[in-house]
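Here's the structure, in structure tokens; my notes come after.
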Amino acid sequence: MSNLIHEFIFRSATRTPQAEALVYGTSRLDYATLAGGVDGAAQALLAAGLGRGERVAVYLEKRIENVLAMFGAAAAGGVFVPVNPLLKPEQVGYILADCNVRVLVTSVDRLKLLAPALAACPDLHTVLVVGAGALPALPGVTLQAWDGPAPAPRAPHRVIDTDMAAILYTSGSTGKPKGVVLSHRNMVAGADSVASYLGNTAADRLLAVLPLSFDYGLSQLTTAFSVGATVVLINHLLARDVLKAVVAERVTGLAAVPPLWIQLAALPWPADCSLRYLTNSGGALQRPTLDALRAALPNAKPFLMYGLTEAFRSTYLPPDEAERRPDSMGKAIPNAEVMVLRADGSACDAGEPGELVHRGALVSLGYWNDPAKTAERFKPFVSVHQGLVLTEMAVWSGDTVRKDADGFLYFISRNDEMIKTSGYRVSPSEVEEVVYAREHVAEAAAIGVAHPALGQAIVVIAYPKEGAALTAAELLAACKPHLPAYMLPAKVVMADASLPRNPNGKIDRKLLSLQYENTFMETTQ
């Protein structure tokens, strides 16, 4: 049994030391070698003066040193902060300063770009540098080579399962990103839960496509290590790169977000593909894409999932329900309770919209250094058992959902994304679902923009499939029979390139909203 997240690796190193654990390009590490690398990283951090619970930021593309640094920080008794490699120096600097990072692990090239931003990080005292090359001068900061001489062994700091293990930064609907604090217990419980319903075993080979700074991406590591499986790291440029890696590495499990699945569904998959399952999270997988994937990969079971960083993962739809309930989020994952509650905390009736509330071992420790936002989302859950004097904390998701008579959940909208038009509250996902169902649409996003008469007007930005001839007027006409008048887009824009993504690969509605915010105001001036 493992209580701490890094113990998964050491447990597998004891049981199956020669089993393949991690693949990156031509490098292949068995569990014994991976465990040795994690221990070496832990010793380097301890030698650098890392204290108990202090933060270690990892700013690298997906590579072996990235994995060693994260789990090495946990093994040392510190806290790892994976930083998305797509972020710009100013954004990275904000994260490092916000959570008082003491040690940074990064590459020579990244450090050169990041150096000016580090002046605003007074707590940073050491940078472990991966790779060779000339280094910038950083006053007051010690620069050390990642592969420097092994330090004298030091005992790691003692931690328990309720201590911090990681801080994951997630973009908010407004303002700066928030640091979600995860305990060892959160991460271990999440890995065990997901591995149980996916049926993961040591024979599985998971392809890590998503950023490791994204909880869904990091889960590919923790879930695989929990059962002694293999993880293949890939920094892909094109969807075709993912297909090639699946074939070459005999991958059995693939996780992605909807924009990537749309691209993957259009590719020619081999009839003897090794995939045993595929998973989706980070947004609804539209029916045309799901149907295309099921046709292309008949032997791969689709698991449609819903999660929020504040509780890692909340629900999943079993594959045998995908045909009957393709629009459902499913039910609670093992070892979690998911409720639909009214504003007063009472339970909603079947079919009644309410807020999704999650309780259990996966609920995180709140937002780092932000009591106000933590109080908004993390609230005491009062047990029905009156004899329990102490209350536990549950997380209020900010998502509106409904539950049917059989207990299956359906997403309606994020509360902060609802479009308010002509007195109605409209879910962008409802509009997008209709748009995606029209022929020739590859990507779409519905946003609300200011309108002098309507309050907000609905604008749809759509990107057609390759080679398709589709105009804005044709798409609007095709949607008209399927939407009530108040949900019909006031404007359709045909994009000439793929829609912008946020660092986690999701379509960036916030950026699109900024780009089109004056669409109707300009026409009335």
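In the set (1) modelled with pLDDT of 95 or more; (2) under 30 Å from Leu454 (Cβ atoms); (3) crowded, with 20+ Cβ neighbours inside 10 Å, the condition left unmet by Gly330 is number (2). Any residue at all in the range 120-130 that's part of a loop (DSSP other than H, G, I, E, B), more than 23 Å from the chain's Cα centre (by Cα) and of a type in the set (A, V, I, L, M, F, W, C)? Within the range 120-130, one or more residues are part of a loop (DSSP other than H, G, I, E, B), more than 23 Å from the chain's Cα centre (by Cα) and of a type in the set (A, V, I, L, M, F, W, C). Would you check which residues across the range 303-318 are in a loop (DSSP other than H, G, I, E, B) and of a type outside the set (A, V, I, L, M, F, W, C) and list them? Matches in the range 303-318: Gly307, Thr309, Glu310, Arg313, Ser314, Pro318.
Among the residues of the range 282-302, those that are at pLDDT 90 or above and in a loop (DSSP other than H, G, I, E, B) comprise Leu297, Pro298, Asn299, Ala300. Would you point out the residue of the range 349-408, among those that are of a type in the set (Phe, Trp, Tyr) and part of a strand (DSSP E or B), that is farthest from Asp215 (Cα to Cα)? That would be Phe381. Filtering the range 414-428 to residues that are part of a strand (DSSP E or B) and either surrounded by fewer than 19 Cβ atoms within 10 Å (Cβ to Cβ) or in contact (Cβ under 8 Å) with a residue 40 or more places away in the chain (or both) leaves Arg414, Lys420, Thr421, Tyr424, Arg425, Val426. Filtered by the rule that a residue be of a type in the set (A, V, I, L, M, F, W, C) and either crowded, with 22+ Cβ neighbours inside 10 Å or farther than 16 Å from Leu293 by Cα (or both), the range 248-260 gives Ala248, Val251, Leu254, Ala255, Ala256, Val257.
None of Leu293, Leu210, Leu243, Leu218 is buried (at least 17 other Cβ atoms within 10 Å of the Cβ), in contact with a Pro (Cβ under 9 Å, 6 or more places away or on another chain), hydrophobic (A, V, I, L, M, F, W, C) and closer than 16 Å to Asn504 by Cα except Leu218. The single condition among (1) hydroxyl-bearing (Ser, Thr, Tyr); (2) out of contact with any His (no Cβ under 7 Å at 6 or more places or on another chain); (3) surrounded by 20 or more Cβ atoms within 10 Å (Cβ to Cβ) that Thr391 does not meet is (3).
Conditions tested, residue by residue: (1) of a type outside the set (S, T, N, Q); (2) more than 21 Å from Gly282 (Cα to Cα); (3) outside any loop (DSSP other than H, G, I, E, B); (4) modelled with pLDDT of 95 or more.
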{"position": "Ser213", "(1), (2), (3), (4)": "no, no, no, no"}
{"position": "Tyr216", "(1), (2), (3), (4)": "yes, no, yes, no"}
{"position": "Leu243", "(1), (2), (3), (4)": "yes, no, yes, yes"}
{"position": "Val247", "(1), (2), (3), (4)": "yes, yes, yes, yes"}
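Within the span defined as the range 463-471, every residue fails to be free of Cβ contacts under 8 Å to residues at least 40 places away in the same chain and either in a helix (DSSP H, G or I) or farther than 23 Å from Pro259 by Cα (or both). For the range 70-92, state whether one or more residues are crowded, with 21+ Cβ neighbours inside 10 Å and either over 26 Å from Ser219 (Cβ atoms) or acidic (Asp, Glu) (or both). Within the range 70-92 (the criterion being crowded, with 21+ Cβ neighbours inside 10 Å and either over 26 Å from Ser219 (Cβ atoms) or acidic (Asp, Glu) (or both)), the answer is no, since none of the residues qualifies. Taking the range 451-462 as the range and being on the phi < 0 side of the Ramachandran plot and either not in a loop (DSSP other than H, G, I, E, B) or not aliphatic (A, V, I, L, M) (or both) as the test, the residues that pass are His451, Pro452, Gln456, Ala457, Ile458, Val459, Val460, Ile461, Ala462. Among the residues of the range 320-342, those that are aliphatic (A, V, I, L, M), part of a loop (DSSP other than H, G, I, E, B) and farther than 16 Å from Ser413 by Cα comprise Ala322, Ile333. One residue stands out in the range 342-359 among those that are free of Cβ contacts under 8 Å to residues at least 40 places away in the same chain and out of contact with any Leu (no Cβ under 7 Å at 6 or more places or on another chain): the one that is surrounded by the fewest Cβ atoms within 10 Å (Cβ to Cβ), namely Asp344. In the range 45-63, the qualifying residues are those that are surrounded by fewer than 24 Cβ atoms within 10 Å (Cβ to Cβ) and more than 20 Å from the chain's Cα centre (by Cα), and the one that is nearest to Lys112 (Cα to Cα) is Ala48. If you check Arg313, Arg342 for being under 23 Å from Leu168 (Cα atoms) and charged (D, E, K, R), only one passes: Arg313. Taking the listed residues Thr279, Thr201, the one that is in a loop (DSSP other than H, G, I, E, B) and either in the same structural domain as Arg325 (by TED's automatic domain parsing) or of a type in the set (Gly, Ala, Ser) (or both) is Thr201, with no other qualifying. Here Phe378 meets the list (1) at pLDDT 95 or above; (2) outside the structural domain of Gly307 (by TED's automatic domain parsing); (3) farther than 16 Å from Phe312 by Cα almost entirely, failing just condition (3).
The values are calculated or read from the model by the stated rules, or taken from the named source; none is laboratory data. Keep in mind that this is a model prediction, so the values were computed, not measured. Note that we place each Cβ from the backbone using ideal geometry, even for glycine, and neighbour counts take in every protein chain shown.
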